[in-house]
Amino acid sequence: MDIEDLRGEIIKILGLHQALSDIVDSLSDSLEESKQKSSTVKYELEYEIRPLSSLAWAINDELIKISDATDELAIKHARAGAEK
């Protein structure tokens with residue numbers, strides 16, 4: 001292998017190095033963009049979940065009231081049946 005062959009190999013290696021460096025930079029940029037989008041999506045989901053959580057608690061409270069009223073009716077019905 002002579003000097004020209006070595007020079008050619010070095011140029012190829014430097015070209016590959018630059019290409020790999022460009023790929024790494026591109027992947028790094030994509031990763032950063034993905035992190036930002038993920039953070040935005042997470043915030044939006046949390047923002048949307050808050051009202052749903054409040055609604056779930058309100059529904060649960062109403063179900064407890066219905067359950068209590070049903071229990072009271074059952075007790076009244078049992079007492080009325082016992083009096084007969």
Out of all the residues in the stretch 34-69, which are open to solvent by less than 80 Å² (accessible area, probe 1.4 Å) and among the β-branched types (V, I, T)?
T40, V41
Can you work out which of the residues in the stretch 11-33 that are more than 22 Å from the chain's Cα centre (by Cα) and charged (D, E, K, R) is most open to solvent (accessible area, probe 1.4 Å)?
K12
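The values are calculated or read from the model by the stated rules, or taken from the named source; none is laboratory data. No experiment lies behind these values; they were computed from the predicted model shown. For accessibility, only protein heavy atoms count, side chains too; no ligands or nucleic acids. Shrake-Rupley method; radii C 1.70, N 1.55, O 1.52, S 1.80 Å.
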